[in-house]
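What follows is a single structure, written as structure tokens, with notes after it.
The values are calculated or read from the model by the stated rules, or taken from the named source; none is laboratory data. In this text, all values refer to a predicted model and were calculated from it rather than measured experimentally. Cβ atoms come from the backbone with ideal geometry, glycine included; neighbour counts cover every protein chain shown.
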Amino acid sequence: MNKLFKRTKILATIGPATNSAKKIEEIIMAGVNGCRLNCSHGSNEERDQQIKWIREAAAKKGRSVAVLQDLQGPKIRLGMLKDNNLDLKKGDELILESAEGFKHDGGMTVPVQYNLAEKVKVGEPLSMFDGKVKSKIKEIVSDTAIKVEILNDGFIMSKKGLNLPDTDFGGDILTEKDLSDIEYGAGCDYDYVALSFVQSARDIEKLKQLLLSYGSTAKVVAKIETKKAIESEENLEAIVKASDGIMVARGDMAVEAGTEVVPIIQRKLIALCRANSKLCIVATQMLGSMVESPEPTRAEVSDVATAVVQGADAVMLSDETANGKYPLETVQEMKKVILYTQNHSRIAPVSRQKNDDLIYDAISNAAARLAEDIKADLIICQTASGVTAAVTAAQRPNVPILSVTSNQRVANQLALIYANSAFVRPYEKSFGYILAKELKDAGYLQLDNDKKDLLAVIVSGDRDIIGTDTIKIRYV
């Protein structure tokens, strides 16, 4: 069973390539544990339909699946260009104009969806189209326009993003669109909300307060992609501790801070998340070539395997499943890489910090170590809030964690946590053991050829006592 159970989870972005009940069901059946709905694209009505399809597919599979709302954040984009394209040469001077109603006529003045004249300084760098075109600020032309000097040959397209890593935008990172999406999303069936362009722990705290005021039980994922966020170890750790999880958003991070910093920041963030029992998602171009190709490159396979060995909870697919030609094949390939890696390499160790609740930490650590010492087949976590399962997972045991809870939201959130397979059942003192027996009888928990029973470590607590306080060893 252990060799067939995928401990590192797959988070897939839903887009045109997967925007149907059939496609969503296919990728969930193939191994997707969570679906990302990107607020940068599509309408609320489309997202409502997608959530419905995800829940139906999860129910059909008999498994909990997480749904993540990804806020757009203060992403600065170009407006519409004539013919959707403009070629640029090194040395060209391009004017970015934010005046309302301005339309591109094919010349060297293009619309931008933000008034940069109020924020930028001469000499600051500005990148366009995911860093493909680099420039520097040459002049503040007017109250609504700036002039940049192009530093390399290339081209830009309508709606492509701009990055200004050295510009101080100040103020709040939540835009009017974000606030609208948060309010609407609070009434939807979201398990996680991802906050873009996080700079400090205060950004996380504000979003948590907003979600609380709307009655949302969604957890907050901080997307790490700005120079400000990674400028010091203290700031990075504060963000991790304030959030419920982290997304290593390698695309914008590479443009904002430099491609060379990405592998080191990824390693640091995974270690910090594991040390603090927080969800960690590694994102961007993991199998990027599969947007167009039915097979990944060797470098991409190595990239996914590295995230698995480092101990990430989940690896994310973006364009591969949103816009690619081979969304199903991409999920299948990623699952193959995860399974082979986990079955042939141990997770890199990290120094863990003590959890705020020492009892949770001690019991979860003991359960994971005990499972390894007695060569258990699985760990069963009976959990109300999901904390016991998450802290147990942070120990990175080499066996599956079967989590059982009476709360559907908790089960959905645990679907992205390392090694967890979460199920909802009405509470009773032995509901973890009963579920394991039920799943074994149904064939979900597979026995090795020479075994009659599964050896399980059960972590639980009496519902009348707040907290987890018991470890048992049982044959299922």
Inset, instruction - Please give the number of the condition V110 fails out of (1) touching a His at 6+ places or on another chain (Cβ under 9 Å); (2) assigned to a loop (DSSP other than H, G, I, E, B); (3) surrounded by 16 or more Cβ atoms within 10 Å (Cβ to Cβ). - result: (2)
Inset, instruction - Can you give me the number of residues within region 61-83 that are touching a strand residue (DSSP E or B) at 6+ places or on another chain (Cβ under 6 Å), surrounded by fewer than 21 Cβ atoms within 10 Å (Cβ to Cβ) and over 19 Å from K147 (Cα atoms)? - result: 1
Inset, instruction - Determine which single condition V391 fails, assuming it passes every other condition in (1) free of Cβ contacts under 8 Å to residues at least 60 places away in the same chain; (2) assigned to a helix (DSSP H, G or I). - result: (1)
Inset, instruction - Could you tell me which residue of region 161-188 is nearest to N44 (Cα to Cα), considering only residues that are part of a loop (DSSP other than H, G, I, E, B) and under 23 Å from the mean Cα position of the chain (by Cα)? - result: C188
Inset, instruction - Could you check G31 against (1) over 22 Å from V193 (Cβ atoms); (2) under 17 Å from the mean Cα position of the chain (by Cα); (3) crowded, with 19+ Cβ neighbours inside 10 Å and say which number it fails? - result: (3)
Inset, instruction - For E225, state whether it is at pLDDT below 95, outside the structural domain of V110 (by TED's automatic domain parsing), within 21 Å of H41 (Cα to Cα) and within 17 Å of the chain's Cα centre (by Cα). - result: yes
Inset, instruction - Would you be able to say whether some residue in region 142-156 is hydrophobic (A, V, I, L, M, F, W, C), buried (at least 17 other Cβ atoms within 10 Å of the Cβ) and either assigned by TED's automatic domain parsing to the domain that holds V240 or not in a strand (DSSP E or B) (or both)? - result: yes
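Residues checked against (1) at pLDDT below 95; (2) among the small types (G, A, S); (3) farther than 30 Å from V399 by Cβ; (4) in contact with an Asp or Glu (Cβ under 8 Å, 6 or more places away or on another chain):
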position: N19; (1), (2), (3), (4): no, no, yes, yes
position: E26; (1), (2), (3), (4): no, no, no, no
position: R63; (1), (2), (3), (4): yes, no, no, no
position: Q72; (1), (2), (3), (4): yes, no, yes, yes
Inset, instruction - Hey, can you tell me all the residues within region 129-141 that are modelled with pLDDT of 95 or more and either of a type outside the set (G, A, S) or under 14 Å from L78 (Cα atoms) (or both)? - result: V133, K134, K136, I137, K138, E139, I140, V141
Inset, instruction - Give the residue, chosen from A362, A254, that is modelled with pLDDT under 95, aliphatic (A, V, I, L, M), in a helix (DSSP H, G or I) and assigned by TED's automatic domain parsing to the domain that holds T470. - result: A362
Inset, instruction - Return the only residue of A322, A384 being in the same structural domain as E225 (by TED's automatic domain parsing), surrounded by fewer than 24 Cβ atoms within 10 Å (Cβ to Cβ) and not acidic (D, E). - result: A322
Inset, instruction - Being in a strand (DSSP E or B) and either aliphatic (A, V, I, L, M) or within 23 Å of G245 (Cα to Cα) (or both) narrows it down to one of V331, V315, V301, V337, so name that one. - result: V315
Legend entry - Looking only at region 257-282, and only at residues there that are outside any helix (DSSP H, G or I) and at pLDDT 95 or above, the one that is farthest from the chain's Cα centre (by Cα): K278
Legend entry - Lone qualifier among L328, L287 - being free of Cβ contacts under 8 Å to residues at least 60 places away in the same chain and of a type in the set (A, V, I, L, M): L287
Inset, instruction - Kindly provide the set of residues from region 196-214 that are of a type outside the set (A, V, I, L, M), closer than 16 Å to G73 by Cα and not in a loop (DSSP other than H, G, I, E, B), ordered by number. - result: R202, D203, E205, K206, K208
Inset, instruction - Give just the number: which of (1) within 16 Å of G31 (Cα to Cα); (2) out of contact with any helix residue (DSSP H, G or I) (no Cβ under 7 Å at 6 or more places or on another chain) does R77 not satisfy? - result: (1)
Inset, instruction - Inspect region 219-231 for any residue being surrounded by fewer than 20 Cβ atoms within 10 Å (Cβ to Cβ) and part of a helix (DSSP H, G or I) and give the result as yes or no. - result: no
